[in-house]
Every structure is written in C-alpha cells, then in structure tokens.
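J.: Here you go, one structure.
The values are calculated or read from the model by the stated rules, or taken from the named source; none is laboratory data. On a predicted model such as this, the values are computed, not experimentally measured, just so you know. Note that each Cβ is placed from the backbone with ideal geometry, even for glycine, and that neighbours are counted across all protein chains shown.
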Amino acid sequence: MAERPAAVLDHIERVPLPWREGEPGLTECGKPVAAVSAFLSHDEAREKFKAQGQQRAAMSTCMTCASAADRRWSASWAASPHQVVARWLNEGGRPWGHPPSGDGRIDRELRAIALLVEAHRPEFDGLMAGFGAAPSLAVRRAAKGARARGPRLFEGGARFDVPEGGGNA
C-alpha cells in the first residue's frame, strides 16, 4: 500500500519578547519556527478558526499550538506583558522536551534587565510613575458603564442611589 503524504499542519507562533525582535521564534508547541513548514500568528489563527469553524480549522492546525494559544497563552505584549513573560518562563525559553539549564537565555536576559534598571534608576522610576498615573482602561470602562446605566431602581420604580463614599453610614 502506498504511503499518503503527511498533512501540513499550521503551527501558531508564540508571542515574542520585545527585546528579541527580529530573531527566529518558537511555536506554541515549542518547535523552532524555522523547523515547521507553516505557521500563523495568534491573530491569523484566530481568524482561521473564526472563518473555518472550530472542527474544520482543527484538522489542519497543530492541536498543541491551538490549545496553548486559545486557552492559556493568548495575550499580546500590549494587552498583558506579564502573561507573555510568564509563557516564556513556563518553558524556560527552550523548545519543548529539552531539559532546563541552570543559566539559560531567559535567566541572562532577566539579569541584564535588572542591571539596566540599576544603571538607569531615575529614568526607570519616572517611567513607573508615568505608568501608574495612567488610568486603567478596565476602571474607566466600568465607570462609564455605571454612568450609562443610571441609578438603580427597586420594584415599583423607587430609586436606590448609593451615596458618595459607598453608603456605609
């Protein structure tokens, strides 16, 4: 019996760390991007699943990549830097199946970041103060939603307004 050619699976590229810009990355399943025949960004994978449907898209996508990208590690750097760093720390920045080393690349990068912060402490503190001064979008959206809903009403139309300070008088 003749062998069928293996189906080409789309892998999903892991969100890169910003200081590794321009370097070959890894897929969500831990393979080097250069070692796979086809890969998609998170956004491209999301569009593929939306356009083709869950079952059809799953037939041509690495399910390890799809599972990781969909459930555990779907954040972009802009949306959640800590989740992107956590993804790389989870695997130690190494391809799947490779044993961790005591002084891997991610460890060296984190040490370099700490040294840069130490060397530029006033600039770092200024940036941190600026980030803290910017209002959280989640807080602003919640406040906007509360204003749009207006005062709450009891049955029969009686108003229930919460006084300033939370109403714990």
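J.: Against the conditions (1) in contact with a strand residue (DSSP E or B) (Cβ under 9 Å, 6 or more places away or on another chain); (2) at pLDDT 85 or above, where does ARG94 fall short? Just the number, please.
T.: (2)
J.: Tell me which residues, restricted to the stretch 36-82, are within 14 Å of the chain's Cα centre (by Cα), over 18 Å from VAL8 (Cβ atoms) and part of a loop (DSSP other than H, G, I, E, B).
T.: Hits for the stretch 36-82 are TRP73, SER74, ALA75, SER76, TRP77, ALA78, ALA79, SER80.
J.: Within the stretch 17-41, which residues are under 19 Å from PRO81 (Cα atoms) and either of a type in the set (S, T, N, Q) or surrounded by 18 or more Cβ atoms within 10 Å (Cβ to Cβ) (or both)?
T.: Our first condition is that a residue be under 19 Å from PRO81 (Cα atoms); within the stretch 17-41, this holds for 17-23, 25-28, 41.
Hits for the stretch 17-41 are LEU17, LEU26, THR27, GLU28, SER41.
J.: Out of the stretch 128-149, which residues are charged (D, E, K, R) and at pLDDT 70 or above?
T.: Across the stretch 128-149, the qualifying residues are ARG140, ARG141, LYS144.
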